[in-house]
Amino acid sequence: MEKIVEEFQRFYSDSHVWQNTRWFGYPVSKYPQDLWTLQEIISEVKPDIIVECGTQFGGSALFMANILDLVGRGRVVSIDVQYPPIHGDHHFDWFKPEGLPVHEGITFLKGSSIAPEIVGRVRSLIRPGDVVLVDLDSNHIKAHVLAEMKVYAGLVSSGSYMIVEDTALNGHPTLPGWGEGPFEAVQEFLKTNDQFIIDRSREKFFVTANPGGYLRRR
């Protein structure tokens, strides 16, 4: 069964169909299974603030904000180094800076997710007692992901999550030639931090871009 799932995921990833997933018209580069899992986590944790590193086209920020609307609380802080984004060889001619989704519950910050001024701005938006959830989906190079984890882990509330996206890269099981990335960052982070555990129950749909990446804080 495991081999079948891995073969399907490699096929699914190579097909790039996940790059044509949209939420109310805005591209969301996530597997539908992971979006469903994300809404389950949000509905259970009921975060007051979700910190998203990696806005891309804003679809995932809007998705999370809309789920928070249904929950009845919470807001999203989404960070990216560039607006509008440039993504590989894909051209979204319709996209303009003002084309990011507009929602009163979303704050977009431009800059590196690990830059001191950005981290400081994020901290200033968190109020005492806020329940915080973090989603890391920006630069997928190991060093950057590990730096993000170290910076944002302390903001995550007990019982909430730090979601490390795209741990499937570098042969886990997709894109074996990627090089060390999110998966390896998670493994190294957990060697020195016992406050987080991998929640395998979040992988119940078998196919996920984030194997071992759903980290729940004790």
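The values are calculated or read from the model by the stated rules, or taken from the named source; none is laboratory data. Since this is a predicted model, take the numbers as computed values, not measurements. Positions of Cβ are backbone-derived with ideal geometry, glycine not excepted, and every protein chain shown enters the neighbour counts.
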> So which residues in the stretch 135-162 are touching an Asp or Glu at 6+ places or on another chain (Cβ under 6 Å) and either crowded, with 24+ Cβ neighbours inside 10 Å or farther than 30 Å from Glu7 by Cβ (or both)?
Replying inline: Asp135, Leu136, Asp137
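Provide a single number: the residues in the stretch 40-76 that are in a strand (DSSP E or B) and either in contact (Cβ under 8 Å) with a residue 60 or more places away in the chain or buried (at least 22 other Cβ atoms within 10 Å of the Cβ) (or both).
Total satisfying the criteria: 6.
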> Which number in (1) over 17 Å from Ile79 (Cβ atoms); (2) within 17 Å of the chain's Cα centre (by Cα) marks the one condition that Val132 misses?
Replying inline: (1)
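When you look at Thr37, is it surrounded by fewer than 18 Cβ atoms within 10 Å (Cβ to Cβ) and hydroxyl-bearing (Ser, Thr, Tyr), yes or no? Please lay out each step first, then the result.
Values: surrounded by fewer than 18 Cβ atoms within 10 Å (Cβ to Cβ): no; hydroxyl-bearing (Ser, Thr, Tyr): yes.
No, not satisfied.
Here is a yes/no grid of residues against (1) among the aliphatic types (A, V, I, L, M); (2) touching a Pro at 6+ places or on another chain (Cβ under 7 Å); (3) touching a residue at least 24 places away in the same chain (Cβ under 8 Å):
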residue	(1), (2), (3)
His144	no, no, yes
Val164	yes, yes, yes
Ala185	yes, no, yes
Glu188	no, no, yes
Phe205	no, no, yes
> Is it true that Val131 is of a type in the set (A, V, I, L, M), crowded, with 19+ Cβ neighbours inside 10 Å and touching a residue at least 24 places away in the same chain (Cβ under 8 Å)?
Replying inline: no
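Which one of these is modelled with pLDDT of 95 or more, basic (Lys, Arg), within 16 Å of the chain's Cα centre (by Cα) and within 20 Å of Ile49 (Cα to Cα): Arg216, Arg202? I'd like the intermediate steps shown before the answer.
Details: Arg202 fails: within 20 Å of Ile49 (Cα to Cα).
From the options Arg216, Arg202, the qualifying one is Arg216.
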> Taking the stretch 118-128 on its own, how many of its residues are within 17 Å of Ser157 (Cα to Cα), surrounded by fewer than 19 Cβ atoms within 10 Å (Cβ to Cβ) and not polar (S, T, N, Q)?
Replying inline: 5
>> Looking for something at pLDDT 95 or above, in contact with a Phe, Trp or Tyr (Cβ under 8 Å, 6 or more places away or on another chain), buried (at least 16 other Cβ atoms within 10 Å of the Cβ) and among the β-branched types (Val, Ile, Thr) - is there at least one such residue anywhere in the stretch 173-195?
In response: no
>> I'd like to verify a number: residues in the stretch 2-17 that are free of Cβ contacts under 8 Å to residues at least 60 places away in the same chain and not acidic (Asp, Glu), how many?
In response: 6
>> Quick check on my filter: what residues within the stretch 24-60 are closer than 20 Å to Pro101 by Cα and in contact with a Leu (Cβ under 6 Å, 6 or more places away or on another chain)?
In response: Tyr26, Ile50, Cys53, Gly58
